[in-house]
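In what follows, a structure is listed as structure tokens, so that the remarks can point back to it.
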């Protein structure tokens with residue numbers, strides 16, 4: 001099971017809001033190569049894994065990705081605090097705001113909602129690990 | 001121990017790893033990180049996002065690590081990030097006695113740092129919330145909250 005630890009993995013302290021930046025960073029939260037997909041990819045692929053080293057690795061990386069998800073959510077939250085009317089109308093953020101206001105919603109930068117179609121769990125460990133390489137290469 | 005060669009020698013440079021001499025076709029490979037790889041201390045581990053200089057591949061030629069404020073919170077984050085990093089390394093190098101010894105040392109330091117952090121800032125987990133005289137789990141700030149000018 002998972003136990004919440006009330007801290008971020010790395011400090012996030014943003015002083016100045018920037019809704020335009022938030023509308024791009026949201027893709028790292030719920031985009032095709034974002035942290036939500038990363039954590040679900042590793043944590044779902046591990047059931048097919050026969051090797052103890054890799055059962056551990058998929059569990060531990062998937063868990064760390066949940067910590068990354070929290071950091072990226074924090075980035076988006078802090079970038080969109082206390083916006084004035086002009087800032088809400090920022091090109092790129094206005095279309096996000098109309099649906100989600102300043103809530104943190106897992107979506108692509110394009111606005112498409114997070115989708116399990118961006119990841120794969122084949123039950124074939126070589127195929128899964130190869131997919132992990134491509135996905136983690138894309139998200140860095 | 002290197003699973004490919006059964007040796008503890010380091011045939012490759014620190015930023016390189018071993019590969020199987022004969023490998024099945026049509027399967028991609030990732031070089032295997034060697035035992036005894038160079039390591040950063042905890043502050044530089046957190047600032048660089050990896051414990052291992054050989055795995056530090058900054059994108060867009062950004063070579064300077066971030067500078068972090070030295071406070072109780074970042075000290076704890078640094079120690080726990082080392083636990084994460086060394087833990088991942090040990091998942092695939094569990095017979096590296098030197099790395100495990102380091103893991104034990106950092107684990108002790110992290111436990112102490114957690115205790116000190118909780119005494120100053122309140123519980124990190126619900127389990128430790130039970131050790132306080134009152135229920136402090138709900139105390140602000142939550143991790144995503146940071147007020148302008150906070151801590152300045």
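Bear in mind these aren't lab numbers, they're just calculated from the coordinates by the rules spelled out. Computed from a predicted structure; not experimentally measured. With ideal geometry, Cβ positions are generated from the backbone for all residues, glycine too; neighbour counts draw on all protein chains shown.
For the ranges A:62-68, A:81-87, what's the packing order if you count other beta-carbon atoms within 10 Å of each residue, average per peptide, and put the highest first?
A:62-68, A:81-87
When the Cα atoms of the protein assembly as shown are enclosed in a convex hull and the volume is divided per residue, what value in Å³ results?
163
Shielding of A:9-17 by partners, i.e. mean partner chain Cβ atoms within 10 Å per residue?
Per residue, the number of nearby Cβ atoms from other chains is 5 on average.
Let me know the shape class of chain B, please: from the alpha-carbon gyration tensor, a ≥ b ≥ c as square roots of the eigenvalues, rounded when a/c is under 1.5, otherwise prolate if a/b is greater than b/c, or oblate.
prolate
Just need the relative contact order of region A:40-140 here, percent rounded to a whole number, with Cα pairs under 8 Å and 6+ apart.
It comes to 34 percent, rounded to a whole number.
Test of understanding: extend the Cα→C-beta vector of residue A:20 to 7 Å, then name every residue of region A:63-100 with backbone N under 19 Å from that spot.
A:76-98
Roughly how many Å is it from the Cα centre of region A:100-126 to that of region A:30-53, as a whole number?
After rounding, the separation between the Cα centres reads 13 Å.
Quickly work out the residue A:84-to-residue B:144 label distance, labels modelled 7 Å from Cα along the C-beta direction, and quote it in nm with one decimal.
2.6
Rank these for me by crowding, A:13, A:41, going from fewest to most other beta carbons within 10 Å.
A:13, A:41
Hey, for a label at residue B:120 modelled as a point 7 Å past Cα toward Cβ, could you say which residues of region A:11-40 have their backbone N under 18 Å away?
Only A:11-13 pass the distance filter.
How large is log10 I(q)/I(0) at q = 0.13, 0.20, 0.29 Å⁻¹ when the Debye formula is applied to the Cα atoms of region A:22-68, each weighted equally and without solvent?
For the requested q values the scattering log ratios are -0.31, -0.61, -0.94.
Can you give the mean number of other chain Cβ atoms that lie within 10 Å of the Cβ atoms in peptide B:88-94?
4
Can you check how the C-alpha radius of gyration of region B:72-132 compares to 2.2 N^0.38 Å, as a plain ratio?
Rg over 2.2 N^0.38 Å, computed on Cα atoms: 1.27.
Beyond 19 Å, what share of the Cα-Cα pairs of region A:1-98 is found? Please give it as a whole percent.
So the pairs more than 19 Å apart make up 51 percent of the total in region A:1-98.
Using only atoms on other chains, find how many Cβ atoms lie within 10 Å of each Cβ of peptide B:120-129 and report the average.
2
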